[in-house]
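Please see the structure below; I have some questions.
The values are calculated or read from the model by the stated rules, or taken from the named source; none is laboratory data. Just so you know, these numbers come straight off a predicted model, no measurement behind them. Here the Cβ positions follow ideal geometry from the backbone for every residue, glycine too, while neighbour counts run over all protein chains shown. Surface areas here come from the heavy atoms of the whole protein model, side chains and all, with no ligands, DNA or RNA. Shrake-Rupley method; radii C 1.70, N 1.55, O 1.52, S 1.80 Å.
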Amino acid sequence: MQRGRRANRFFAALMATLALGSVVGAAAAGAATTVSSGRAVLGPPIVGAPGAWPGSGGGQGTWQAWAANQRSAIESTPWSQELAAQGKQLLNVAYEPVSQVPGLPIPPGETTTAAVLTFKETGPPTAASAASTGILPLNTGGCAAITSGTACITGAPVTGGYAVYASYAYWGSGSVDGHVELGIGGCPGTAVVNGPNEVLTYGVGQQVVYGPVFSSAYWSSTYWYFYGSGYSDWGSACSELS
């Protein structure tokens, strides 16, 4: 679901000149920033990915079987190994239903699955680049300096397509409550899935993993800070992946 306070913003231009910067305290609240040009290091992708989407011509039985296989693949992936390859320690894993992906065909009544991983960074904050547009070069991935932390968006290959990884790590003092939103179609994009609200402390974060998907699209990772009576957009990292 979308938080309702922002319009979906599409882009006509690619990225501005990169300027290497520090993560902590580098961006103002709600500002989209461009991530570094190197793809984030990922471990093994979703295990046993079910292959290409049945598409709009797939029958109900075909879609039900595909969605069941996709859920099984998401839930059987060894996420502790996945995160270890990214320099993170797994603290918790949960699963969220995904019934609509704007621009990509999922028939009404069918539900796919995303993994939501709570992690602790085992190293220092990741360096990030900053620019005004918030758009990355095609098929790169990395991390952007946003409010009090690091937002990351990247993809990893799976059978016939790719999985999308959206995350936020908190590098401020004390703690914050909020969640990561994976979006599509802009920066930030229309919401595909939101993680549950979680309290984060220094070096702790949330990652949303969804896939497989099989067509080129802009994806975004946005952190929504919960302040008790509503949400504040703390910023996004965005890239076109295919």
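Give me a count of the residues in segment 63-117 that are over 22 Å from Asn197 (Cα atoms) and among the small types (Gly, Ala, Ser).
11
While we're here: Just checking: which of the strands (runs of 3 or more DSSP E) contained wholly in segment 166-234 hold 1 or more residues that are open to solvent by 10 Å² or more (accessible area, probe 1.4 Å) and not hydrophobic (A, V, I, L, M, F, W, C)? So that I can check it myself, show each step before the final result.
Details: elements: 175-184, 190-194, 198-201, 204-213, 217-226.
The strands (runs of 3 or more DSSP E) meeting that bar are 175-184, 190-194, 198-201, 217-226.
Let me ask you something else. Exactly one of these conditions fails for Leu241: (1) without any contact (Cβ under 8 Å) to a residue 40 or more places away in the chain; (2) over 16 Å from Ala115 (Cα atoms). Give me its number.
(1)
Further, regarding this structure: Which members of segment 68-101 meet the condition of being closer than 22 Å to Glu181 by Cα and part of a loop (DSSP other than H, G, I, E, B)?
Thr77, Gln86, Gly87, Ser99, Gln100, listed by residue number.
Pick from segment 47-67 the residues that are part of a loop (DSSP other than H, G, I, E, B) and open to solvent by 50 Å² or more (accessible area, probe 1.4 Å): which of them is modelled with the lowest pLDDT?
If we filter segment 47-67 for residues that are part of a loop (DSSP other than H, G, I, E, B), which is where we start, we get 47-59.
Imposing the further condition that a residue be open to solvent by 50 Å² or more (accessible area, probe 1.4 Å) reduces the set to 47-48, 52, 56-57.
Values: Val47: 77, Gly48: 76, Ala52: 74, Ser56: 67, Gly57: 72.
The residue in question is Ser56.
Going by the conditions given, is Thr112 modelled with pLDDT of 90 or more and surrounded by 21 or more Cβ atoms within 10 Å (Cβ to Cβ)?
Numbers: modelled with pLDDT of 90 or more: yes; surrounded by 21 or more Cβ atoms within 10 Å (Cβ to Cβ): yes.
It is true that Thr112 is modelled with pLDDT of 90 or more and surrounded by 21 or more Cβ atoms within 10 Å (Cβ to Cβ).
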